[in-house]
Amino acid sequence: MTRLILMGPPGAGKGTQAVTLAERTGAAHISTGDIFRANVAAGTPLGVEAKRYMDAGEYVPDEITNGMVKDRLGQDDADAFILDGYPRTADQVERLDEMLAEIGHPLDAVIALTVDDEELVQRIVERGRTSGRTDDTEDVVRNRLKVYSAETEPLMAIYRQRGLLREVDGMGEIDEVAGRIDSALGIA
Ligand code: AMP
């Protein structure tokens with residue numbers, strides 16, 4: 001079970017869980033948010049373009065995001081992977097299907113972390129005090145949650161229909177949530 005998508009609203013703990021799950025499984029951790037932030041920090045053209053959207057809490061256009069993921073999945077260490085924060089739109093789901101068909105690596109499961117909305121805003125605003133992320137302010141967070149509900153939440157139905165979706169309660173301590181993820185994947 002090492003070709004996974006980790007889904008969930010901003011602040012659900014995807015990044016934290018993806019890092020330790022990657023350690024436990026040996027899969028590559030592929031976070032589109034981290035790749036964008038690295039590009040922003042390095043001042044690449046991709047970073048300059050992405051920053052406009054990120055700072056507003058909007059999604060970076062699909063074409064840019066899909067191309068970036070395709071490159072990353074083509075690298076040698078990406079036979080096993082945990083996709084963190086991708087796909088987020090219906091177009092990205094389609095393009096990911098094509099990429100995985102091309103490289104012959106079907107998905108094993110989609111983990112969806114669930115956390116209630118007010119808890120999310122609290123967590124992110126708290127994170128913003130130390131993360132230095134320019135998109136962790138309350139206004140931007142509320143917009144990110146809105147965009148998530150409109151664009152990304154509906155994708156769960158697609159993976160549910162395919163029998164791949166495993167919903168995991170994301171409330172509680174980091175280790176507790178990690179344990180629930182392992183149980184959902186049958187690696188506990
Ligand atoms: P994250 O770290 O996953 O919360 O992502 C931070 C920001 O990066 C998001 O609010 C978007 O602006 C952008 N981003 C990350 N992943 C994607 C994606 N799959 N599609 C579009 N934009 C993304």
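FYI, it's all coordinate maths here, none of it is from the lab. Quantities reported herein were computed from a predicted structural model and do not represent experimental measurements. All Cβ positions, even for glycine, are placed from backbone atoms using ideal geometry, and neighbour counts span all protein chains on display.
Observations on the structure shown:
- Computed on the chain, with alpha-carbon pairs under 8 angstrom and 6+ residues apart, the relative contact order is 33 percent.
- Size of charge dipole - segment 102-164 - debye, nearest 20, with Cβ of Lys, Arg +1 and Asp, Glu -1, no other charges: 100
- Relative contact order of segment 44-146, taken over Cα pairs closer than 8 Å and 6 or more residues apart, is 33 percent.
- Projecting the Cα atoms of THR65, THR89, SER149 onto the charge dipole of the chain (Cβ charges, centred on the Cα centre) puts THR65 farthest toward the positive pole.
- Gyration tensor (Cα) of segment 92-188, equivalent ellipsoid semi-axes in angstrom: 27, 19, 13
- When shorter helices are ignored and each DSSP H run of at least 4 residues is given -39500 (n - 2.57), the per-residue value for the chain at 222 nm works out to -17000 deg cm²/dmol.
- Less than 5 angstrom separates the built amide H of GLU167 from those of ALA112, all sequence-distant by 5 or more or on a different chain.
- Our coupling estimate for segment 82-89, obtained by passing each phi through the Karplus curve with A = 6.51, B = -1.76, C = 1.60 and θ = phi - 60°, is 10, 7, 10, x, 8, x, 10, 9 Hz, Gly and Pro reported as x.
- Per principal axis, descending, Cα span of segment 19-61 in whole Å: 35, 20, 14
- Couplings 3J(HN,Hα) for segment 48-62, derived from phi with the Karplus relation 6.51 cos²θ - 1.76 cosθ + 1.60 (θ = phi - 60°), are 4, 5, 5, 4, 4, 6, 4, 5, 8, x, 9, 7, 5, x, 3 Hz, where x marks Gly and Pro.
- Assigned charges on the beta-carbon of Lys, Arg, Asp, Glu; segment 137-182 dipole about Cα centre (debye): 360
- Computed from phi, the 3J(HN,Hα) profile of segment 122-133 under the Karplus parametrisation 6.51, -1.76, 1.60 (θ = phi - 60°) reads 4, 4, 6, 4, 4, 4, x, 5, 10, 6, x, 6 Hz, with x in place of Gly and Pro.
- Rounded to the nearest 20, the Cβ-based charge dipole of segment 35-188 about its Cα centre (Lys and Arg +1, Asp and Glu -1) stands at 260 debye.
- Placed amide H near ARG3: partners under 5 Å, 5+ positions off or other chain: PHE81, ASP108, ALA109
- Of the residues ALA109, ALA90, ALA27, the one that moves most in a GNM of the chain with alpha-carbon contacts below 10 Å is ALA90.
- Of GLU173, GLU98, GLU151, the residue with the greatest mean-square motion in the GNM of the chain, using alpha carbon springs below 10 Å, is GLU173.
- Lys/Arg +1, Asp/Glu -1 at C-beta; the chain dipole; positive extreme among ILE124, TYR159, PRO45: PRO45
- GNM top mover of PRO154, PRO45, PRO87 - the chain, alpha-carbon springs below 10 Å: PRO45
- Computed as a quarter of the hull surface, the mean projected area of the alpha carbon convex hull for the chain stands at 10.0 nm².
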